[in-house]
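Below: the structure, in structure tokens.
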Amino acid sequence: MDDIAVETVENVTETVENITEAVKNGTGKIPATPEGMAIAYSSLVIMALLPIFFGSFRSIKHHADQKENCERTGEKPERMTRKDAAMFPIIASCALFGIYIVFKIFSKEYINLLLTGYFFMLGVLALTHLISERVGRLLPASVPFIQYHLRLTQDATEDLIDFKFSTHDLVSLALSAAVGVWYLVQKHWIANNIFGLAFSVNGVEMLHLNSVLTGVILLGGLFIYDIFWVFGTDVMVTVARSFEAPIKLVFPQDLLEKGLAANNFAMLGLGDIVIPGIFIALLLRFDMSLKRGSKVYFYMTFAAYVAGLLTTIFIMHVYKHAQPALLYLVPACLGTPLLLALVRGDIKTMFQYEDHPEEAEAAEAKKTE
């Protein structure tokens, strides 16, 4: 009996040691509580809405500046054509699968080290562009405003570098670089989100679809792309979890338990913000072109985006499986304005609208010739 007792105690001890070792080797993540999930997903929704709203209004000014610059220089505006929109899901699929293969072949640590440096530079520039104007207003008068023009030409005809900046821009660059160093050193989720929000606002502001038809083609293609890569394979989820770069917004579900050191994250990809966002921004510019003093298409589609995002979160919570957000966002963001345009009799006008009309440019080119 004593031998049996000793053996039993040894087995129990060994089991406890194994469990302890497993805990040490595990992630140590605290399971999400209902309160923690509510805070995390509410924060993600708010963070997704801010870039779309402010980026859309910033796109109006960017579009006007771009148009003025094109009229002054005679250059063609940068825009996405229908062919570009049709090819984008194919190019994105190739890039996504390529990244997946790279993660399978090479060490994740070395790949993320390279990506960290790349996104550090992009993030600093994106954040500088975002905050430069605001920082300039907040700086005291003692900080002089001096403008610089950096220009590098080839044979005095072709500009290789043509960059204008001021001392206020340099202050903004320094502040952005400080955030970048914080991200490099700690990879903190707040620093990640600052860069992610900067990328999103700049994307919605600067990426122009030019026409509603182009937007329909792009969103329709990415609708299929997102469903295939999430439901059909493990590629999308694997890359999202392995990719240590500010290409997604994250928020901890264990914030109440662990504070700012929390590490059990809910996430939302920037593509689920920027792709619908550039279409919503286009609708805002369409609203402005109607000159009715109303932004009904913008606000209704913005509300539809919120509904689609909440539906995504609800379905994900019910089925406990990652969801392709565009599966719910695309029908909401396309169906709402198109149905509204049918009801209001604007469907033909909507599909005829272009940020930079190609016919007008062709006519202008013929006149010049």
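Judged by the mean number of other Cβ atoms found within 10 Å, the most tightly packed of the peptides 207-216, 125-134 leads the ranking 207-216, 125-134. Taking a ≥ b ≥ c as the square roots of the eigenvalues of the Cα gyration tensor of the range 55-129, is the shape rounded (a/c under 1.5), prolate (a/b larger than b/c) or oblate? Oblate shape, in that a/c is at least 1.5 and b/c is the bigger or equal ratio.
Taking amide H atoms as placed 1.01 Å from N in the peptide plane, the amide H of PHE265 lies under 5 Å from those of GLN253, each 5 or more residues away in sequence or on another chain.
Only one of (i) 31, 57, 11, 0; (ii) 27, 52, 20, 0; (iii) 23, 52, 20, 4, 1, 0 was calculated from the structure for P(r) over Cα pairs in 20 Å bins from 0, in percent, and its label is (iii).
Converting phi to 3J(HN,Hα) with the Karplus coefficients 6.51, -1.76 and 1.60 and the offset θ = phi - 60°, the range 181-190 yields 5, 4, 5, 4, 6, 10, 6, 5, 5, 5 Hz in sequence order, with x at every glycine or proline. Remark: the Cα gyration tensor places the range 264-338 in the prolate category, a/c being 1.5 or greater and a/b exceeding b/c.
The local environment of LEU209, defined by Cβ-Cβ distances under 12 Å, has a net charge of -1 under the rule Lys, Arg +1 and Asp, Glu -1. Give me the net charge for the shell around LEU219: Cβ to Cβ below 15 angstrom, other residues only, Lys and Arg +1, Asp and Glu -1. Once positives and negatives cancel, what remains is -2. Dipole check for the range 146-222: with +1 at the C-beta of Lys and Arg, -1 at the C-beta of Asp and Glu, and the Cα centre as origin, the magnitude is about 360 Debye.
Here the range 164-291 is assigned +1 on the Cβ of each Lys and Arg and -1 on the Cβ of each Asp and Glu. Its dipole about the Cα centre then comes out at about 240 debye. Just want the answer: with Cβ charges of +1 for Lys and Arg and -1 for Asp and Glu, which residue in LEU173, VAL185, GLY335 is farthest toward the dipole's positive end in the range 31-361? Toward the positive end, the furthest listed residue is GLY335. Among ASP169, ASP65, ASP84, the largest mean-square fluctuation in a Gaussian network model of the chain, built with springs joining Cα atoms closer than 10 Å, belongs to ASP65. Judged by the mean number of other Cβ atoms found within 10 Å, the most tightly packed of the peptides 323-331, 272-280, 55-63 leads the ranking 272-280, 323-331, 55-63. Can you work out ³J(HN,Hα) from phi for every residue in the range 235-246, in order, using Karplus 6.51 cos²θ - 1.76 cosθ + 1.60 and θ = phi - 60°, giving whole Hz and x for Gly and Pro? Listing the rounded values in order: 5, 4, 5, 4, 5, 4, 7, 8, 7, 8, 8, x Hz. Only Lys, Arg, Asp and Glu carry charge here, each on its Cβ (+1 for the first two, -1 for the last two); on that basis the chain has a dipole of about 1380 debye about its Cα centre. The phi-based Karplus calculation (6.51 cos²θ - 1.76 cosθ + 1.60; θ = phi - 60°) puts the 3J(HN,Hα) values of the range 298-313 at 5, 5, 5, 6, 4, 5, 5, 4, 4, 4, x, 5, 5, 5, 4, 5 Hz, whole numbers, x for Gly and Pro.
May I ask for log10 I(q)/I(0) of the range 142-248 at q = 0.10 Å⁻¹, from a Debye sum over the Cα atoms as equal point scatterers with solvent left out? These q points yield log10 I(q)/I(0) values of -0.57. Applying a DSSP loop filter and a limit of 14 other Cβ atoms within 10 Å to the chymotrypsin sites (Phe, Trp or Tyr not before Pro) in the range 76-182 leaves PHE106, PHE145.
Every number in this text was worked out from the coordinates using simple rules, so none of it is lab data. The structure presented is a predicted model; accordingly, all values stated were derived computationally and were not measured. Reconstructed Cβ throughout: ideal geometry from the backbone, glycine too, with neighbour counts over all protein chains shown.
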